[in-house]
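Enquirer: Submitted below is the structure of interest, expressed as structure tokens.
What follows draws every value from the coordinates through simple rules; no lab data is involved. Worth saying up front: this structure is predicted, and the values here are computed from it rather than measured. Reconstructed Cβ throughout: ideal geometry from the backbone, glycine too, with neighbour counts over all protein chains shown.
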Amino acid sequence: MSAEIISGKEIAQAIRGETTERVAALKENYDFTPGLATVLVGEDPASQSYVGMKNKAAKEMGIYSRQITLEADIPEDELLGLIEGLNADPEIHGILVQLPLPKHMDESKVLLAIDPAKDVDGFHPVNVGKLSTGETEVLAPCTPAGVVEMLVRSGNDPSGKHCVIVGRSNIVGRPMGSLLLRKAPGGNATVTTCHSRTPDLGEVTRLADILIVAIGWPEMVKADMVKPGAVVIDVGVNRIDDDTRERGWRLVGDVAFDEVKDVASAITPVPGGVGPMTITMLMCNTVDAGVRQAGIQE
Ligand code: GUN
């Protein structure tokens, strides 16, 4: 039996449609437009591409977007000054500083400078703390928030299920656990987190009703690590060499898709799985942040 494919592309498209309507209604009913500022320091091509996609998505949904690009050698104080200005700017409700930052900058200090109310990445310690203590009115990191949407919208509500997360990063694994544990829609799961130092990973992953993999290790989860009928969410995006492709590489996840799809009941592909959800959830966070800052009761 081959697993059902959970398409992030399709779910993201549906959420983008809903968000576009929500933004139009905010304009119509309250003359309010949410605004997002993206800050890119330096010229890393991957970061340039991500930031470009974020601004394009914002514009498509009717969100005001301001893209700020700074030289790689700009002093940290100047970036902190810019953030201070954005914190006070009434047109801006979400601030995203693209990571990684150049080596001479202290990432934690920069993230700490962003007003938590405008922290649409959900990386500020205040928002991390709120999420960990189970608050529901919080800006949650976009990738794990996207995974929750995919589970719920594909009919795989995590409530009452044993979710095993492979990976403990601040961007995915840890906030993923907090979201799934919350007493809230999309939560109420039993959660186990394992990682690269877990002695027998397969022994733990085989317990999962829902297995979420974000470890950054190409095709690491094999079929014998998955319980038959489990739902498998692959957050990994890895480039591997492929001589059969003209460009010489292809993208694979952290899950060996071709073999795991015969064991799982549902699985996300790479590409076209979790990837498209991240930017979409950033837009949702920007609108949520704007609505809260403007004190609008929709
Ligand atoms: N770099 C890679 N992923 C992300 C992300 O989700 N947010 C930001 N700000 N930078 C990133």
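Enquirer: Compute a Gaussian network model of the chain, connecting alpha carbons closer than 10 Å, and tell me which residue from ALA145, ALA46, ALA184 fluctuates the most.
Expert: ALA46
Enquirer: So what's the net charge close to VAL51: Lys and Arg +1, Asp and Glu -1, counting the other residues with Cβ under 14 Å from its Cβ? Don't jump to the answer; show the numbers that get you there.
Expert: Details: positive: LYS54, LYS56, LYS59, ARG66; negative: GLU43, ASP44, ASP121.
My count for the surroundings of VAL51 gives +1.
Enquirer: Name the long-range amide H neighbours of GLU4: under 5 Å, sequence gap of 5 or more, or other chain; modelled H, no Pro or chain starts.
Expert: Close amide H contacts, sequence-distant or interchain: ALA266, ILE267.
Enquirer: Related question: Which angle from 0 to 90°, rounded to the nearest 10, does the C-alpha axis of helix 45-60 make with the longest principal axis of the chain?
Expert: Roughly 70 degrees between the two axes.
Enquirer: Using DSSP to call loops (not H, G, I, E or B), can you name the trypsin sites (Lys or Arg not before Pro) in the range 246-298 whose Cβ has at most 15 other Cβ atoms within 10 angstrom? Please report the intermediate quantities before stating the final value.
Expert: Values: sites: ARG247, ARG250, LYS261, ARG292; in loops: ARG247, LYS261.
Passing both the DSSP loop test and the Cβ count: ARG247.
Enquirer: Kindly express, to the nearest 10 degrees and within the range 0 to 90, the angle between helix 142-153's C-alpha long axis and the longest C-alpha principal axis of the chain.
Expert: The angle comes out at about 60 degrees.
Enquirer: May I pose another question? Report Rg/Rh for the chain, rounded to two decimals, where Rg is the Cα radius of gyration and Rh the Kirkwood radius.
Expert: Numbers: Rg = 19.4 Å, Rh = 19.9 Å.
On the Cα set of the chain, Rg over Rh gives 0.97.
Enquirer: Helix 275-294 versus the longest principal axis of the chain: what is the Cα-based angle in degrees, 0 to 90, to the nearest 10?
Expert: 40 degrees
Enquirer: Shifting gears a bit: Looking at ALA140, ALA3, ILE296, which one has the Cα that reaches farthest to the positive end of the dipole of the chain (charges on Cβ: Lys, Arg +1; Asp, Glu -1)?
Expert: ALA3
Enquirer: Checking the a/c ratio against 1.5 first, then a/b against b/c, what shape does the Cα gyration tensor give for the range 190-292?
Expert: Numbers: a/c = 1.97, a/b = 1.17, b/c = 1.68.
Oblate, because a/c is 1.5 or more while a/b does not exceed b/c.
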